[in-house]
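Visitor: If you scroll down you'll find the structure; I have some questions about it.
The values are calculated or read from the model by the stated rules, or taken from the named source; none is laboratory data. Everything numeric in this text was worked out from a predicted model, so none of it was measured. Don't worry about glycine lacking a Cβ; one is built from the backbone with ideal geometry, like all the others, and counts go over all protein chains shown.
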Amino acid sequence: MFAAFAAIAAHASPAALIVERLEADTGSAAPERVIAGAFDAGFKAQSYAALIPSRSSGVWYRIRLVSDWDDPRPPALAVFDPVGLRAQIYVPPRYVEQPRSIYDSEDDPGYTRHAIVTVLPPTLAAATPVYIHLEPERAIPRRVEVRDVSEYRVGDLVRARYDVLFPAFQLATLLVMLSFFLVLRERMYAYFVGYALFLVLYELYSFGIAFELPVLQWLAPLAQRPAWCAALLAIALNIAFSRLFLELPRWAPRLDRLLGISVWLFLGLAACSIVPFISRGWWIEDALSVLLLITIPVLITAAVLAWLHGGRRGGLYLCAWIPALLLVIVRIMQLRMQWPLPIWLEFGLPGALAYANLVLAFVLAGQTLSFRHERDAAHRLAEHDALTGVLNRRAILSRLRAAFARSRQTGEALSLLFLDLDHFKRVNDSYGHRAGDQCLRSVITPIAGELRQGDALGRYGGEEFLILLPGAGASDAEVVAERIRRRVQEMPMLVSGTQIGLTVSLGVSTFDKDVLSPDDLIERADAALYRSKSGGRNLVSTHAGVVSRIAEEAGAPR
């Protein structure tokens, strides 16, 4: 951005000017009389090149070159900071009235609306003046300069790039926050989206781009009122966002209530600003300035309190907003003190707002990721058994119902293993419940080692587990069950320095035409498990009978 300021200022100095203001009361005198010289004695030279309107009446200015224009390219007269300004310009030799304003469609579309630009005759002599009549407006000095038209266009091109850059940046932030809001449905994100939207509209109107867009140019007759309205709505929504972002009801409830009142005041001003007969004059802008000078210190204080109470967001909020808030105060002082608008402030404030939104967007993105991690963790806790880490009863039954429905629809094979630890009560009684928990956790590794991707393991209750095998027929399921039985039997198990023998019994059931529901599948597996228990434990059985001990060919492909 500083490079842009340097690029704008790097051109040759503008032509030296003599700027004279008509101090005499012209009343309702015709422009022809002023141009003809009837009031020449009343023109007084100023020490600086600026036009200062009057709030109460129109003002005449006479502008002359110090020396004749000797460049083959014509000179361009530019009046900067033209917001709210309406002027009639009289250019030699004919001195025909040219009504000029950034709100008129007759302006040359080859220039941005950062200035009212008029191309002067290429043979303009020092003795030939240009007359400008300013209609009543805020008494803020508007810088005026005359320079080579080509040179002016170069600087204007830099301004045009920033006219597009800042709203585009804010629009990109808006879209990111909108996507977060659509996912999380949180009011804080909605406030930020609304704030960014009206900030984009404010910048479009203040830069003059909106008056060239078919969708927005119909508000041109309202002059600066659309910019006022957009700014007031953006401020109100930003305060509403800040209250939630800083968690002020928790850290600073009194300041939160005060800021809540200010939101309604800004919204009321926004409603008034768009109605011409209510917003006549400049009281809206004066009220906006006063409210901002009160609200900004309150916001900063609230952020500091949130930060001091351990709220990380308070520090981040200060880092994001301090530059923009300070520049807002400088802008208010510039308007109240009637100083000319410097180029660093003209583009510095939009740049600071873009920086604030960038920082907050990163903070909110990080918060969104944190929400997602917390949601995933909560989802995992809701589906998994706290002791063993496998699916809990509700989750494994849900997987079973889904797999059963799929198999019934497609005819895909489906098997279920019902596993129970042998003599588990004896382990608890002999070595304690802590040893029992250790056994439950230990069997998970050998079981999981025999499962494929897509299989599911869940704790059904106590020392009982369900193993879901989608796509596995009866023979494949029996092979898997036998492998699990062997791996658990061969697993070394130390409890309090003593090695104990841990075995499991399994029941196998397979989906077929006689199985009408998931509960039927569980009942068959449970009946098969009972057969294994009755047969001496450490066995694999189906509902038809005990499976013979499968030897090394248990490694057959599944």
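Visitor: Run Ile467 past the list (1) more than 24 Å from Arg408 (Cα to Cα); (2) under 48 Å from the mean Cα position of the chain (by Cα); (3) not small (Gly, Ala, Ser) and report the number of the one that doesn't hold.
Guide: (1)
Visitor: Is it true that Val363 is among the β-branched types (Val, Ile, Thr), in contact with a Leu (Cβ under 6 Å, 6 or more places away or on another chain) and assigned by TED's automatic domain parsing to the domain that holds Glu203?
Guide: Taking the combined requirement at face value, the residue satisfies it.
Visitor: Continuing with the same structure: Can you pull out the residues in the range 377-393 that are out of contact with any strand residue (DSSP E or B) (no Cβ under 9 Å at 6 or more places or on another chain) and either touching a residue at least 24 places away in the same chain (Cβ under 8 Å) or in a helix (DSSP H, G or I) (or both)?
Guide: Within the range 377-393, Ala377, Ala378, His379, Arg380, Leu381, Ala382, Gly389 qualify.
Visitor: Filter the range 223-281 for residues that are in a helix (DSSP H, G or I), more than 26 Å from His309 (Cβ to Cβ) and not aliphatic (A, V, I, L, M) and give the result.
Guide: Result: Arg225, Pro226, Trp228, Cys229, Trp264, Phe266, Gly268, Cys272, Ser273.
Visitor: On to the next question. In the range 44-56, what count of residues is obtained for those that are outside any loop (DSSP other than H, G, I, E, B) and within 47 Å of the chain's Cα centre (by Cα)?
Guide: Going through the range 44-56 one residue at a time, the tally reaches 2.
Visitor: Right, next: Just to verify a result, which residue in the range 373-428, among those that are of a type in the set (Val, Ile, Thr) and under 41 Å from the mean Cα position of the chain (by Cα), is farthest from Arg524 (Cα to Cα)?
Guide: Taking the candidates together, the pick is Thr388.
Visitor: So which residues in the range 500-515 are modelled with pLDDT under 90 and within 17 Å of Glu412 (Cα to Cα), if there are any at all?
Guide: Asp512, Lys513, Asp514, Val515
Visitor: Something else now. Considering the range 64-102 alone, what residues qualify as being buried (at least 17 other Cβ atoms within 10 Å of the Cβ), part of a strand (DSSP E or B) and touching a Phe, Trp or Tyr at 6+ places or on another chain (Cβ under 8 Å)?
Guide: Listed by number, the residues that qualify are Pro75, Ala76, Ala78, Ile89, Tyr90.
Visitor: How many residues does the range 176-205 contain that are outside any helix (DSSP H, G or I) and more than 18 Å from Leu246 (Cβ to Cβ)?
Guide: The total comes to 1.
Visitor: Can you tell which of Arg372, Arg394 is at pLDDT 90 or above and farther than 20 Å from Ala196 by Cα?
Guide: Arg394
Visitor: While we're looking at this one, here's another question. Restricted to the range 342-359, and to residues that are among the hydrophobic types (A, V, I, L, M, F, W, C) and touching a Phe, Trp or Tyr at 6+ places or on another chain (Cβ under 7 Å), which residue is nearest to Trp251 (Cα to Cα)?
Guide: Looking at residues that are among the hydrophobic types (A, V, I, L, M, F, W, C) and touching a Phe, Trp or Tyr at 6+ places or on another chain (Cβ under 7 Å), I get Ala356.
Visitor: Pull out all pairs, ordered by first then second residue, where Cβ-Cβ is under 8 Å, the residues are six or more apart or on different chains, the first lies in the range 516-529 and is within 20 Å of Val540 (Cβ to Cβ), and the second is in a helix (DSSP H, G or I).
Guide: Cβ pairs passing all conditions: Leu521/Leu400; Leu521/Phe404; Ile522/Leu400.
Each row is one residue, and each column tells you yes or no for (1) more than 41 Å from the chain's Cα centre (by Cα); (2) more than 22 Å from Ala125 (Cβ to Cβ).
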| site | (1), (2) |
| --- | --- |
| Gly58 | yes, yes |
| Ser67 | yes, no |
| Val79 | no, no |
| Tyr95 | yes, no |
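Visitor: Can you confirm whether Arg94 is touching a residue at least 60 places away in the same chain (Cβ under 8 Å) and closer than 28 Å to Thr26 by Cα?
Guide: The answer is no for Arg94.
Visitor: Across the range 3-53, what is the number of residues that are among the β-branched types (Val, Ile, Thr), modelled with pLDDT of 85 or more and under 19 Å from Ala139 (Cα atoms)?
Guide: The total comes to 2.
Visitor: Okay, next question. If the requirement is being β-branched (Val, Ile, Thr) and either at pLDDT 90 or above or within 16 Å of Tyr61 (Cα to Cα) (or both), which of these qualifies: Ile132, Ile102?
Guide: Ile132
Visitor: Residue check, Gln489 against (1) within 23 Å of Arg441 (Cβ to Cβ); (2) surrounded by fewer than 16 Cβ atoms within 10 Å (Cβ to Cβ); (3) modelled with pLDDT under 90, all met but one. Which one?
Guide: (3)
Visitor: Scan Arg399, Arg426, Arg441, Arg452 and give me the residue that is of a type in the set (Lys, Arg) and surrounded by 14 or more Cβ atoms within 10 Å (Cβ to Cβ).
Guide: Of the residues listed, the single one that is of a type in the set (Lys, Arg) and surrounded by 14 or more Cβ atoms within 10 Å (Cβ to Cβ) is Arg399.
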